[in-house]
Amino acid sequence: MELPVLNETPAASAGGCSSHSCGSSDDQLGHLSDEIRAKVENHPCYSEDAHHYFARMHVAVAPACNIQCHYCNRKYDCSNESRPGVVSELLTPEQAVKKTMAVAANIPQMTVLGIAGPGDPLANPERTFETFRRLSQDAPDIKLCVSTNGLALPESVEELSKHNIDHVTITINCVDPEIGAQIYPWIFWENKRIKGVKGAKILIEQQQKGLEMLTARGILVKVNSVMIPGVNDKHLAEVSKIVKAKGAFLHNVMPLIAEAEHGTFYGVMGQRGPTQDELMDLQDACSGDMNMMRHCRQCRADAVGLLGEDRGDEFTMDKIEAMEIDYQSAMEKRKVIHEAIAEEMHSKRAAKVEKAASHADEPKLNTRPVLMAIATSGQGVINQHFGHAKEFLIYEASPDGVRFMSHRKTDLYCSGDDTCGDGESVLQRTIRALEGCEVVLCSKIGYEPWDMLEQAGIQPNGEHAMEPIEDAVMAVYKEMAAAGKLDEVSADKRATA
Amino acid sequence: MALQIIESCVNCYACEPLCPSKAIFMSSKAGHFRINPNKCTECEGDYQDTQCASICPIEGAILDANGIAVNPPGSLTGIPPERMAEVMAELQAH
Ligand code: SF4
Ligand code: SF4
Ligand code: SF4
């Protein structure tokens with residue numbers, strides 16, 4: 001029997017899918033209007049399957065911020081690390097436009113230009129809107145995106161809608177000012193620094209108002225929330241419900257990143273981040289009828305390339321100054337490539353729907369779910385050497401099908417050498433990151449990691465190189481079932497899964 | 001009477017556009033933002049609170065006319081200074 005692919009089966013044809021927290025927007029592409037579908041289809045953040053093909057970039061033009069978050073420290077910029085809010089090179093709008101066009105010409109899969117900081121884009125309205133204004137004129141085939149804390153959002157909506165911006169991301173961590181005061185020590189509002197609950201209340205009001213104004217104008221809104229155990233973890237399902245009711249399109253619950261060496265409040269005070277399990281559980285709890293984004297990479301404000309990769313080094317300002325760009329011809333080339341990718345995505349999707357339909361009434365396995373880790377560099381196929389993977393995509397296989405769960409970084413926000421770790425080898429760290437997975441699928445793997453993985457109870461598998469991820473995951477799951485490896489765990493474990 | 005920005009400024013640009021007296025400038029010599037003491041009015045007549053000091057996220061980066069930090073350690077981040085010292089010592093020991 002063949003298992004349906006849960007994430008990417010349009011809801012209309014996927015029996016039983018609605019009871020599951022199907023990964024992301026693709027489930028809903030089936031019943032979206034053509035207009036919205038066109039907006040998300042080649043957006044790597046809004047569409048789970050698009051993120052295997054299409055790339056995004058951020059330009060760091062917005063240094064100032066109008067609030068303080070306990071997970072951010074504006075002082076810190078270690079070249080080894082990569083986390084939101086951190087950049088190495090601040091750009092003027094003019095440089096940003098140049099960089100965007102250079103990247104678009106050299107990475108034709110790049111479809112989306114976002115401004116995400118390193119401060120708050122809307123706290124830097126001149127720099128942000130100048131960049132958008134020029135780009136919508138000079139590079140009309142690039143989608144524009146902005147990410148904001150929401151404080152200055154209501155006053156910016158009018159201007160945003162003028163620039164034909166399809167998507168806005170608002171970071172909303174709470175709707176309760178008491179909880180907000182534990183996340184935001186202060187905001188700058190009407191020429192004053194306002195601390196505590198009072199500040200948080202204003203921020204929350206502005207965020208909610210901004211959200212309503214955007215959805216009323218038909219601009220798609222994604223809500224990002226940072227999961228902070230003991231602070232807002234119990235509260236985020238409520239947040240999800242409220243933002244969904246107000247028309248947000250996608251919810252992205254991200255884990256808190258807190259290390260003492262980042263110098264953030266949470267880092268220094270020893271606040272822990274969520275475990276992989278806690279994060280997945282909360283994402284499931286939030287999902288209900290809300291689209292959950294599970295493939296966010298918490299990119300830097302100057303990231304370039306496919307999600308999960310960063311090609312920023314190829315596009316530093318000195319390199320860009322030396323490039324000759326003929327954007328007209330680049331645009332024609334981009335169009336051809338985008339169409340080819342879209343066609344490939346469509347035919348893959350259609351094939352999956354067909355497969356799912358033809359096997360819908362076959363008897364179901366009665367085996368427990370299994371988590372598998374995939375080494376891939378994109379295109380939705382297993383195409384990466386184990387040792388080269390800086391992150392793994394985690395899929396769950398079960399009798400209900402295959403679903404994308406999350407990605408896990410192996411280098412834990414650092415370069416992966418031993419200079420700032422505790423002497424643990426890269427390989428040991430990688431194995432630790434794969435905890436809970438029973439199989440790892442990659443294009444190739446060496447003897448040493450093979451042994452170590454096996455000792456850690458994770459089965460390496462290089463037999464499915466270049467195969468589509470979901471097909472390979474299914475095939476391996478069925479092999480495991482046929483070999484009797486899944487039978488020993490009974491139905492009660494399945495019920496809780 | 002004037003405020004002063006010192007070298008712990010991280011060049012976040014937040015203060016510069018807010019100054020009603022256009023006293024804040026990027027000093028390429030110093031490598032960070034500075035305040036022209038002849039222009040700074042401490043926002044008298046324009047705002048109740050000094051604007052630069054009210055948005056600056058960096059504790060200790062802005063000093064008042066007496067050379068005292070307007071935002072002393074712990075006042076913006078909420079991290080008690082003792083705790084910060086403890087953690088920094090611990091990190092250094094590694
Ligand atoms: S941070 Fe998340 S939403 Fe933003 S570009 Fe990266 S993956 Fe997309
Ligand atoms: S105190 Fe007021 S006038 Fe003086 S530099 Fe700061 S913002 Fe400008
Ligand atoms: S707000 Fe503070 S850190 Fe930012 S530029 Fe001004 S003085 Fe420097």
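Taken together, the values in this text are just the output of simple stated rules run on the coordinates, not laboratory data. Everything quoted here is computed from the prediction, not taken from an experiment. Neighbour counts run over all protein chains shown; Cβ positions are idealised from the backbone, glycine included.
Tabulated data for the structure shown
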| read-out | value |
| --- | --- |
| For the stretch B:4-93, diffusion coefficient by Stokes-Einstein and Kirkwood Rh (Cα), 37 °C, 0.692 mPa s, µm²/s | 233 µm²/s |
| Which listed pairs, of A:Lys355/A:Lys485; A:Lys201/A:Lys246; A:Lys409/A:Lys485; A:Lys355/A:Lys390; A:Lys192/A:Lys222, have C-alpha distances above 21 Å, in listed order | A:Lys355/A:Lys485; A:Lys409/A:Lys485; A:Lys355/A:Lys390; A:Lys192/A:Lys222 |
| Fraction of antiparallel bridges per DSSP, the protein assembly as shown only, in percent to nearest 5 | 45 percent |
| Sorted by Cβ neighbour density within 10 Å, fewest at the top, the residues A:Glu130, A:Glu324 | A:Glu324, A:Glu130 |
| Gain in span if fully extended, A:Asp277 to A:Asp176, counting 0.36 nm per residue against the direct Cα distance | 33.8 nm |
| For A:Met57, B:Met84, order by how many other beta-carbon atoms lie within 10 Å, fewest first | B:Met84, A:Met57 |
| Likely footprinting exposure, A:Asp281, A:Asp302, fewest C-beta neighbours within 10 Å first | A:Asp281, A:Asp302 |
| Two-decimal ratio, the protein assembly as shown, of alpha-carbon radius of gyration to 2.2 N^0.38 Å | 1.00 |
| Nearest 10 degrees, 0 to 90: helix B:81-93 Cα axis against chain B principal axis | 60 degrees |
| Spatially proximal lysines relative to A:Lys348 (Cα-Cα < 18 Å; intrachain offsets below 8 disregarded) | none |
| Taking the stretch B:4-93 and dividing mean pair separation by its residue count, relative contact order in percent (alpha carbons under 8 Å, at least six apart) | 26 percent |
